[in-house]
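No lab work stands behind these numbers, since they all come straight from the coordinates. Please read all numbers here as calculations on a predicted model, not as lab measurements. Reconstructed Cβ throughout: ideal geometry from the backbone, glycine too, with neighbour counts over all protein chains shown.
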Amino acid sequence: MNLAELGKVVCLIPAFNEGERVGVVVRAALSSGLIQEVVVVDDGSSDDTAAVAEAAGARVIKLVENRGKGGAVQAGIEGTEADTYIFMDADLLGLKPNHFPELLSPLALDRDVSVVTGVCIAGRLRVDLAQRLFSSLNGQKALRSDFVDTLPDLSEYGWGIETVIHEWVRKGPSKGLSVPLYGLSQVMKEEKQGFTDGVRSRVRMYREVLEARSKIRRMNK
Ligand SMILES: Nc1nc2c(ncn2[C@@H]2O[C@H](COP(=O)(O)OP(=O)(O)OP(=O)(O)O)[C@@H](O)[C@H]2O)c(=O)[nH]1
Ligand SMILES: [Mg+2]
C-alpha cells in the first residue's frame, strides 16, 4: 500500500464557533504527516475560530455570513485543489495522528473505494451509540476528489451532507466503507450550545438529514 498515490491530501474542517475546540483538530491533522493542507472554513463565527485555526497552522476561508455545514463544506471544496479530501468536524475529542492513515488506507488499497467513513469508538456511550446507529451521518471521512466532483451542490443540504454522500454511494458506481476510529469522540450540540439551543439544533439537523435523503432518492443521478 502506498499512501503517496493518493496525491495531494487536504483536510477540510467546517467550523462554527469552535474557537475552544478547532486548534487541537488542526494540530492533529498536521502532525499526521499525511496532509498537505488543512483548510478551516469559518462559517460566520462570532468567536475566535479563525484566529485559533490560523495559529494552529490552517489556511482559513472566512465566510462573512453563516451558511450551515453544507455551505461551509461546499465553500471549502470550491476554494481548494485536492486529489483526496479528509472531512473532519471541528469539535472532535481524542483525534490522533494515527486516525488519518486509518481513514486513508482503504482508498490506497482499493481503487474502487471512493468514500471511507470513520466511526468513533471512545467509550462515551451516547456518542458511540449515535455513531453506530447512524454511521452514515459521521462527519469524519476520506474521499477521492473525482467522487467529490460528481456530488450535487452541498450548500443546499446543511447537516444533510453526509446523507447526500451516503445516498450518492448507494446509487453507485462508487464503493463506500467504514472503519473504526478508536479513542475518537466529540462534544455534543447540547454541551456546546446549552440544552435548549442544542435540542433545537438537533431537531433541525434530523429534519435536514431526512430532507436530504428523500431529495437524493428522488433525483436521477
Ligand atoms: N452548529 C453548526 N455547526 C456548523 C455550522 N456550520 C458548520 N458547522 C460545523 O459542522 C460540524 C458539525 O456540526 P455539529 O453541530 O457538531 O453536528 P454533529 O457533530 O453532526 O452533531 P451532534 O453529534 O449531534 O452534535 C462542526 O465542525 C461545526 O462547527 C452551523 O451553521 N452550525
Ligand atoms: Mg459535532
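For this structure, a couple of remarks:
- Phi-derived couplings, Karplus 6.51 cos²θ - 1.76 cosθ + 1.60 at θ = phi - 60°, listed residue by residue for segment 24-36: 5, 5, 4, 5, 5, 4, 5, 7, 5, x, 10, 10, 7 Hz, with x used for Gly and Pro.
- Among beta bridges that DSSP assigns inside segment 3-218, antiparallel share in %, nearest 5: 30 percent
- If only the Cβ of Lys and Arg carry +1 and only the Cβ of Asp and Glu carry -1, the dipole of the chain around its Cα centre is close to 860 debye.
- Hz values of 3J(HN,Hα) by residue in segment 140-153 - Karplus curve (6.51, -1.76, 1.60), Gly and Pro given as x: 8, 9, 10, 9, 6, 5, 5, 6, 4, 5, 8, 5, x, 4
- Positive-pole candidate from VAL179, LEU129, VAL199, dipole of the chain, charges at beta carbon: LEU129
- ASP112 versus LYS175: modelled label distance in nm, points set 7 Å from Cα along the beta carbon direction: 0.4 nm
- Between VAL119 and ARG204, the contour length at 0.36 nm per residue exceeds the Cα-Cα span by 28.4 nm.
- Rh by Kirkwood over Cα pairs, then Stokes-Einstein D for segment 3-218 at 1.002 mPa s and 20 °C, µm²/s: 126 µm²/s
- As a proxy for reagent exposure, LYS69, LYS62, LYS189 were ordered by neighbouring Cβ count within 10 angstrom, fewest first; the result is LYS62, LYS189, LYS69.
- Long-range HN-HN contacts of SER178 with modeled amide H, under 5 Å: THR117
- Working from Cα pairs under 8 Å separated by at least six residues, relative contact order for segment 74-221 is 31 percent.
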